[in-house]
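Note sheet for the following structure.
The values are calculated or read from the model by the stated rules, or taken from the named source; none is laboratory data. Just so you know, these numbers come straight off a predicted model, no measurement behind them. Reconstructed Cβ throughout: ideal geometry from the backbone, glycine too, with neighbour counts over all protein chains shown.
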Amino acid sequence: MARRVVTPDSHAFPTRRYDLVKEFVTALVVVLVLVVVFALAVGSPDEKALTMKSWAANAPFDVVATATAELAGTSTSAGYGPPYNTASDGQALGPLKLQKLGGVTHPVDSATDLVIDPVSTLGDTATQQAVAQWTQASADQQTAWATSYADALTKATGGDPAQVASGDYGPVPVIAQGELTLAKSGVLTGLLTTSSGFYRTDPTNALLFMADGSYMAGIADAENLSGDQWGMMNEAGAYPGQPWMWLYTLWYQVPPFSTSDNADVQVWAVMILLSLVLACVPWIPGLNKIPHGLKLYRVVWRQWYAQHPETVSVAGGGDHPDPVTPDTGPKN
């Protein structure tokens, strides 16, 4: 019996009118209505941005402590390494020191750029004398002053500079207070944001200084935005944010990543590896047989398979529709 291939031109399949434009407009209207309704009912929280001014108003002692840490070279940014400085090698993947390979591309001297330069803009005599005393001192003397004052702040009640015991702190208390004055006025943000480079509003230094303090980290913890709180996929207040980020942030919650100093680069490497595996699934023996074994396509196309129970097997496994049908015409 002769057989022929069924094609759309053979009119073997039923047809019906289909208005694509009407469907698009209907879907668009429905989606817009749902977006507006859900935005009004359970919209993303509109939290105010953190500023230097609000930081100084809510946690003034933290500003003083952070400025002191910058002068002492003990802040996070001061010891971060590339791309800001050479204080450390940074994160590594085994023997590969990837952060160091990138080099110092955005040099930042935490003491000078984040504290001394901004404070030097204050015009009062006491502050100008303090800055001059600092700049004329040796590096060892500067470190000794700042370290002593930082230790004294940790022992003071509530970290209050007014409660610090007497000691040889040099100009550090005056300089740190000058930083607080600038932060309270709101001027510090502009001084740390303005740049002489191509991007005139580079916020890097402002963000580094604020991140070196404990205030922003405390706000992040309260809003469930920290790394150990699945913060990467949250919005403020633990509102659902980017659910597609769950796989990336998952690794930060489990050992050894959750306790590693190289967690960022390690998680990055894991995700690169998983992405390569996913891209190569069609060529990986065993994995490329999983779709045939699960037969999920039969669930998706269950209506078609119910109407066409006849199938043929092809090399590689799995059921596929029979591409030919008996010819109802005359036999040869």
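For Asn205, the conditions (1) under 27 Å from Leu114 (Cα atoms); (2) not assigned by TED's automatic domain parsing to the domain that holds Ala176 are fulfilled apart from (2). Scanning segment 38-80 for residues that are at pLDDT below 95, over 17 Å from Ala217 (Cβ atoms), in a loop (DSSP other than H, G, I, E, B) and not charged (D, E, K, R) yields Gly43, Ser44, Pro45.
Looking only at segment 258-269, residues that are loosely packed, with under 15 Cβ neighbours inside 10 Å, in a helix (DSSP H, G or I) and not small (Gly, Ala, Ser) come to 1 in all.
Confirm whether Pro173 is out of contact with any Leu (no Cβ under 9 Å at 6 or more places or on another chain), over 18 Å from Ala56 (Cβ atoms) and touching a residue at least 12 places away in the same chain (Cβ under 8 Å). It would help to see each step written out before you state the result.
Working: out of contact with any Leu (no Cβ under 9 Å at 6 or more places or on another chain): yes; over 18 Å from Ala56 (Cβ atoms): no; touching a residue at least 12 places away in the same chain (Cβ under 8 Å): yes.
Against the criterion (out of contact with any Leu (no Cβ under 9 Å at 6 or more places or on another chain), over 18 Å from Ala56 (Cβ atoms) and touching a residue at least 12 places away in the same chain (Cβ under 8 Å)), Pro173 does not qualify.
Mind listing just one residue for me: the one in segment 219-236 that is in contact (Cβ under 8 Å) with a residue 60 or more places away in the chain and not charged (D, E, K, R) and, of those, farthest from Ser54 (Cα to Cα)? Among those that are in contact (Cβ under 8 Å) with a residue 60 or more places away in the chain and not charged (D, E, K, R), it is Ala236.
Among the residues that make up segment 84-93, is at least one of them within 23 Å of the chain's Cα centre (by Cα), farther than 14 Å from Thr204 by Cα and among the aliphatic types (A, V, I, L, M)?
Kept after step one, since they are within 23 Å of the chain's Cα centre (by Cα), are these residues of segment 84-93: 84-85, 88-93.
Narrowing the set further to residues that are farther than 14 Å from Thr204 by Cα leaves 88-93.
Going one step further and asking which of them are among the aliphatic types (A, V, I, L, M), we end up with 92-93.
Yes, segment 84-93 contains at least one residue that is within 23 Å of the chain's Cα centre (by Cα), farther than 14 Å from Thr204 by Cα and among the aliphatic types (A, V, I, L, M).
Conditions (1) without any contact (Cβ under 8 Å) to a residue 24 or more places away in the chain; (2) over 30 Å from Asn262 (Cβ atoms); (3) surrounded by 16 or more Cβ atoms within 10 Å (Cβ to Cβ); (4) within 32 Å of the chain's Cα centre (by Cα), marked per residue:
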residue	(1), (2), (3), (4)
His106	no, no, no, yes
Gln136	yes, yes, no, no
Lys155	yes, yes, no, no
Ala162	yes, yes, no, no
Leu192	no, no, yes, yes
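Do we find that Gly186 is touching a Phe, Trp or Tyr at 6+ places or on another chain (Cβ under 8 Å), at pLDDT below 95 and at positive phi in this structure? For Gly186, the condition - touching a Phe, Trp or Tyr at 6+ places or on another chain (Cβ under 8 Å), at pLDDT below 95 and at positive phi - is not met. Quick one: in segment 176-190, which of the residues that are more than 28 Å from the chain's Cα centre (by Cα) and among the hydroxyl-bearing types (Ser, Thr, Tyr) is nearest to Ala150 (Cα to Cα)? Of everything passing the filter in segment 176-190, Thr181 is nearest to Ala150 (Cα to Cα). What number of residues in segment 112-150 are closer than 19 Å to Leu208 by Cβ and of a type in the set (A, V, I, L, M)? Of the residues in that region, 6 qualify. Look through Ser196, Ser260 and report the one residue that is more than 14 Å from the chain's Cα centre (by Cα) and at pLDDT below 85. Result: Ser196 is the single residue among Ser196, Ser260 that is more than 14 Å from the chain's Cα centre (by Cα) and at pLDDT below 85.
Only residues that are over 15 Å from Pro173 (Cβ atoms) and outside any helix (DSSP H, G or I): list them for segment 117-148, please. Ser120, Thr121, Gly123, Ser138 - these are the residues of segment 117-148 that are over 15 Å from Pro173 (Cβ atoms) and outside any helix (DSSP H, G or I).
Within segment 79-96, residues that are free of Cβ contacts under 8 Å to residues at least 24 places away in the same chain and buried (at least 18 other Cβ atoms within 10 Å of the Cβ) have Cβ atoms under 8 Å from residues that are of a type in the set (Lys, Arg) and part of a loop (DSSP other than H, G, I, E, B) in these pairs: Gly90/Lys97, counting only partners at least 6 apart in sequence or on another chain.
Condition check for Glu23 on (1) under 31 Å from the mean Cα position of the chain (by Cα); (2) modelled with pLDDT of 85 or more: one failure, at (1).
I'd like to verify a number: residues in segment 194-228 that are surrounded by 16 or more Cβ atoms within 10 Å (Cβ to Cβ) and charged (D, E, K, R), how many? Residues flagged as surrounded by 16 or more Cβ atoms within 10 Å (Cβ to Cβ) and charged (D, E, K, R) within segment 194-228 amount to 3.
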